[in-house]
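Taking it in order: structure first as structure tokens, then the write-up.
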Amino acid sequence: MVKINGEELNIAGKTVAEYLASTALPDEYAQIVAGWAQCKRGRYILERHLKKGSVFISAENGTVYMVKGLFSTWAEMLGEAPVLLDAVLIPFQGSIISDGLVVLYQIYFGKGAKEDFKDAYMNAKRNNAIRFSI
């Protein structure tokens, strides 16, 4: 079982490093699991949906991430943006995904907030600051 305690990801009650040291995984899988130690738990604004993923803006520091869905797109799962949510972003094979367990906040964003979110995305795009990997 994989879960997050505080800021640390645990697998079967062990840290990622402990799990990798005690388990014989093929190199490809071990690299994927090792990347999980870099997960980013936080509050995000899902700003928009694009073909290559959905734009998540960190509510804590404004970092902009492009997050992919594994089986379903974020648009299919959550509908229209913007949405405020708590999520865990996880590196996976050069992209960012989530475990899919999100907490949604039922908040309506006014025009000014939506424009601020759009500006954050556009500034990150213009400055090549969108994070496609962690």
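Taken together, the values in this text are just the output of simple stated rules run on the coordinates, not laboratory data. The structure displayed is predicted, hence computed values, not measured ones. With ideal geometry, Cβ positions are generated from the backbone for all residues, glycine too; neighbour counts draw on all protein chains shown.
Of all lysines in the structure, those lying under 24 Å Cα to Cα from Lys14, and not within fewer than 8 positions of it along the same chain, are Lys3, Lys40. Between helix 111-126 and the chain there is an angle of about 60 degrees, using the helix long axis and the longest principal axis of the Cα atoms.
With runs of 4+ DSSP H residues as the only contributors, calculate the mean residue ellipticity of the chain at 222 nm using -39,500 (n - 2.57) per run, divided by the residue total and rounded to the nearest 500. Taken over the chain, the calculation gives -8000 deg cm²/dmol. Highest-first packing order for the peptide set 71-83, 42-54 is 42-54, 71-83, based on the mean count of other beta carbon atoms within 10 Å. Hull volume per residue, based on the alpha-carbon atoms of the chain and their convex hull, is 117 Å³.
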